[in-house]
Amino acid sequence: MTQDRAETPSPLAPLTEDWDRALCVVAHPDDLEFGAAAAVARWTGQGKQVVYCMVTSGEAGIDALPPEECGPLREAEQVEAARLVGVREVEFLRMPDGVLEYGVDLRRRIAHVVRRHRPDVVVTANHRETWGGRTRNQADHVAVGRAVLDAVGDAGNRWVHREQLVDGLAPWGGVREVWLFGSPEATHAVDTTGTLDAGVASLEAHRAYLDGLGWEGFDAGEFLEGISRPTGQRLGVAHAAAFEVVPTGWGE
């Protein structure tokens, strides 16, 4: 009995949804579709504004395609994937795929995006070294997740990256929280029962990428349900997406 209790995952608290604007910043096309697109579909369905920013174009992601062909293809797939969950604005910073480095330059680029879009919440991927257990995280994910956390603070400080503050662009300290999907430290979740199908369609829009991975028999619906169903049990619903919540300490 004691052992069973110890192995039972802790309940997840519902994410707050009293906000209007979200900015999703990830390393590659497809990152959001593997963990957060169904949640995005829920939010856009509520009338919230969600913008996507891809730090790279994923041009190193398909072994059989050279980067100059792969990048435009993956950008097009990402734009379609975003459309399927109600996102109309997708930006690509076109930094080099596969070799991103955490540092001031990456923070600067992301802070500029935050200042332009002025979101209430920022969503990014797990920045920890693993997905939990022994499965290592990819280096670009780690670099971008760490940079997002710092760039949100940079964006609110007028004396950091101050060369950006021209033509009416102002500091933005209004980000309430950063939400990291795929984190082994998740404490919150959002009900995606009504939008899981949209999330599946969004992942399936990355057809060339999925085919290029060589995952024979990969089923997007089965994959996402395998994640969302146990997460939903922890939230008390059929399906859910989990997030680690990092308060920023800044308010409007």
| request: Would you be able to say whether some residue in the stretch 68-89 is modelled with pLDDT of 95 or more, β-branched (V, I, T) and in a loop (DSSP other than H, G, I, E, B)? | output: yes
| Going by the structure shown, is A240 of a type in the set (G, A, S), closer than 27 Å to T8 by Cβ and either surrounded by 17 or more Cβ atoms within 10 Å (Cβ to Cβ) or at pLDDT 95 or above (or both)? | yes
| Meets criteria (more than 15 Å from the chain's Cα centre (by Cα), farther than 21 Å from D154 by Cβ, acidic (D, E) and at pLDDT 95 or above) for D97 | yes
| Taking the stretch 35-50 as the search range and keeping residues that are in a helix (DSSP H, G or I) and out of contact with any Phe, Trp or Tyr (no Cβ under 8 Å at 6 or more places or on another chain), which one is nearest to P72 (Cα to Cα)? | A37
| query | Yes or no: T16 of a type in the set (V, I, T), surrounded by fewer than 23 Cβ atoms within 10 Å (Cβ to Cβ), farther than 17 Å from G182 by Cβ and modelled with pLDDT of 95 or more? | reply | yes
| A6 fails exactly one of the following numbered conditions: (1) more than 21 Å from L224 (Cα to Cα); (2) outside any loop (DSSP other than H, G, I, E, B); (3) modelled with pLDDT of 95 or more. What is the number of that condition? | (3)
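Only one residue in G232, G217, G194 is over 17 Å from the mean Cα position of the chain (by Cα), assigned to a loop (DSSP other than H, G, I, E, B) and closer than 25 Å to R136 by Cα. Which one?
G217
Output the residues belonging to the stretch 120-169 that are over 22 Å from the mean Cα position of the chain (by Cα), of a type outside the set (A, V, I, L, M, F, W, C) and closer than 17 Å to V104 by Cα. Outline the logic, then answer.
Kept after step one, since they are over 22 Å from the mean Cα position of the chain (by Cα), are these residues of the stretch 120-169: 157-169.
If we keep only those that are of a type outside the set (A, V, I, L, M, F, W, C) too, we end up with 157-158, 161-164, 167-168.
If the condition is that a residue be over 22 Å from the mean Cα position of the chain (by Cα), of a type outside the set (A, V, I, L, M, F, W, C) and closer than 17 Å to V104 by Cα, then N157, R158, H161, R162, E163, Q164 are the ones that fit.
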| Based on what the data block shows, is G212 of a type outside the set (D, E, K, R) and either assigned to a strand (DSSP E or B) or within 16 Å of the chain's Cα centre (by Cα) (or both)? | no
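Which members of the stretch 243-252 meet the condition of being surrounded by fewer than 18 Cβ atoms within 10 Å (Cβ to Cβ) and either basic (K, R) or not in a loop (DSSP other than H, G, I, E, B) (or both)? Lay out the reasoning, then the answer.
Narrowing the stretch 243-252 to residues surrounded by fewer than 18 Cβ atoms within 10 Å (Cβ to Cβ): 247, 249-252.
Answer for the stretch 243-252, where residues must be surrounded by fewer than 18 Cβ atoms within 10 Å (Cβ to Cβ) and either basic (K, R) or not in a loop (DSSP other than H, G, I, E, B) (or both): just P247.
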| note | Of the residues in the stretch 103-121, those that are touching a strand residue (DSSP E or B) at 6+ places or on another chain (Cβ under 8 Å) and closer than 23 Å to V166 by Cβ come to I110, V113, V114, H117, R118, P119
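If you check L165, L235, which single one turns out to be more than 23 Å from G45 (Cβ to Cβ) and at pLDDT 95 or above?
Working: L235 fails: more than 23 Å from G45 (Cβ to Cβ).
The unique qualifying residue is L165.
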| remark: Across (1) farther than 23 Å from E17 by Cα; (2) surrounded by fewer than 23 Cβ atoms within 10 Å (Cβ to Cβ); (3) in contact with a Gly (Cβ under 6 Å, 6 or more places away or on another chain), V104 clears everything bar (3)
| task | Among the residues of the stretch 202-237, count how many are of a type in the set (F, W, Y) and either in contact with a Phe, Trp or Tyr (Cβ under 7 Å, 6 or more places away or on another chain) or buried (at least 17 other Cβ atoms within 10 Å of the Cβ) (or both). | result | 1
| query | Just wondering, is there one or more residues in the stretch 91-101 that are of a type in the set (K, R) and in a loop (DSSP other than H, G, I, E, B)? | reply | yes
| task | May I ask you to list the residues in the stretch 107-136 that are at pLDDT 95 or above and farther than 22 Å from Q49 by Cα? | result | R107, R108, N126, H127
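The values are calculated or read from the model by the stated rules, or taken from the named source; none is laboratory data. No experiment lies behind these values; they were computed from the predicted model shown. Methodologically, a virtual Cβ is constructed for each residue, glycine included, from the backbone with ideal geometry; neighbour enumeration extends over all protein chains shown.
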